[in-house]
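Below is one structure; the comments refer to it alone.
The values are calculated or read from the model by the stated rules, or taken from the named source; none is laboratory data. Everything quoted here is computed from the prediction, not taken from an experiment. Because the Cβ atoms are built from the backbone with ideal geometry, glycine has one as well, and the counts that use them run over all protein chains shown. Heavy atoms of the whole protein, side chains included, go into the accessibility calculation; ligands, DNA and RNA do not. Shrake-Rupley method; radii C 1.70, N 1.55, O 1.52, S 1.80 Å.
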Amino acid sequence: MHANYDEMMTNRLSSAEKGKKLLLHCCCAPCSSACLERLKGEVEICVLFYNPNIESEEYERRKAELIRFIEETGWAQFIDCDHDESLFYDAVKGLEHCKEGGERCEKCFELRLQRTYEIAKEQNFDFFTTTLTVSPLKNAEKINEIGQRIGGEMWLPSDFKKKNGYLQSIKLSKEHNLYRQDYCGCIFSRIERSKG
């Protein structure tokens, strides 16, 4: 039986004192939309855009949309992070031909969550988590395992696709006219999509 990460998140947040701070790793505005809507009012949220896996032009487009969405809603603060694609290529070296969702993706999750944890610690956040679990294409169990291993008690378990999270992200994307990409952002995913 799989853990109910959504219930774990709800319980953890309901027992937390008011004013706790969450660093939320975000991959794009559409995925962030439903997660931010769900979390607002529960904790003080700061969004971290750290995605060295995303190709430069796509990266800038997604970042601009995320900033626009946050400014429109006022649901979070924003932290920009460095964009060094070489870190991603180094992390997945030898795994270039893995299918999407496999070991290459796990290395990518680890890279991004490790940096999120480091910034959360440096800046005295109480929790950190990621919007990645809202996608039906991402393995929430694997993401939570990695986050827990990296961050221990600071990791906030999540499965944002629960409670119609993914459908809500589509709805909010339409409402806010958000650019909605059809691949994860890395060159390998883009190539795989173009073949399909």
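Among all residues of region 175-195, there is none that is touching a strand residue (DSSP E or B) at 6+ places or on another chain (Cβ under 8 Å), in a loop (DSSP other than H, G, I, E, B) and not basic (K, R).
Taken over region 114-159, the criterion of being part of a helix (DSSP H, G or I), in contact with a strand residue (DSSP E or B) (Cβ under 8 Å, 6 or more places away or on another chain), surrounded by 23 or more Cβ atoms within 10 Å (Cβ to Cβ) and of a type in the set (A, V, I, L, M, F, W, C) is satisfied by A120, L132, I143.
Out of the residues in region 56-73 that are touching a helix residue (DSSP H, G or I) at 6+ places or on another chain (Cβ under 6 Å) and farther than 14 Å from H25 by Cα, state the one that is least open to solvent (accessible area, probe 1.4 Å). Filtering first and then ranking leaves F69.
Filtered by the rule that a residue be of a type outside the set (A, V, I, L, M, F, W, C) and touching a helix residue (DSSP H, G or I) at 6+ places or on another chain (Cβ under 9 Å), region 102-117 gives R104, E106, K107, E110, R112, Q114, R115, T116, Y117. Quick check: anything in region 77-95 more than 17 Å from the chain's Cα centre (by Cα) and of a type in the set (S, T, Y)? Yes.
For region 74-108, the set of residues classified as in contact with a strand residue (DSSP E or B) (Cβ under 8 Å, 6 or more places away or on another chain) and surrounded by 13 or more Cβ atoms within 10 Å (Cβ to Cβ) consists of W75, A76, Q77, F78, I79, C81, listed by residue number.
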